[in-house]
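A short worksheet on the structure shown next.
The values are calculated or read from the model by the stated rules, or taken from the named source; none is laboratory data. A quick note: this is a predicted structure, and the numbers were derived from the prediction, not measured. As a convention, Cβ positions derive from the backbone with ideal geometry for all residues, glycine included, and neighbour counts pool all protein chains shown. These accessible areas exclude ligands, DNA and RNA; they are computed on the full protein's heavy atoms, side chains included. Shrake-Rupley method; radii C 1.70, N 1.55, O 1.52, S 1.80 Å.
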Amino acid sequence: MFETTGKTVLFTGVSLTASIIFWVFFPMKFQADMALLLVLLLAFHLAGALIFIPPMVALFRPRFAIRYAEERARVLAEQAASEAALAAGR
């Protein structure tokens, strides 16, 4: 998971959280409290997306995700076979 979309999810979550964390030190108390809640919300969603979703996909095996993974594995195997054939032909 982390090889494909995990990096993007992590980058997006960290950049959003990092940009909002400075708002926590804003002098207006209500807005600072809301910023803290937003940072916590984003952090929990980020952790859930990286830790909770992949095991659920592996457990429930939705057709769209499994079909994509099988197709990707087939394409990678074909590429490896063609590269091996080219290397053997040299």
If we take the chain, then helices (runs of 4 or more DSSP H) inside it with 2 or more residues that are of a type in the set (S, T, N, Q) are 7-21, 63-89
Can you tell me which residue is least open to solvent (accessible area, probe 1.4 Å) among those in the range 61-82 that are closer than 18 Å to E3 by Cβ and acidic (D, E)? E71
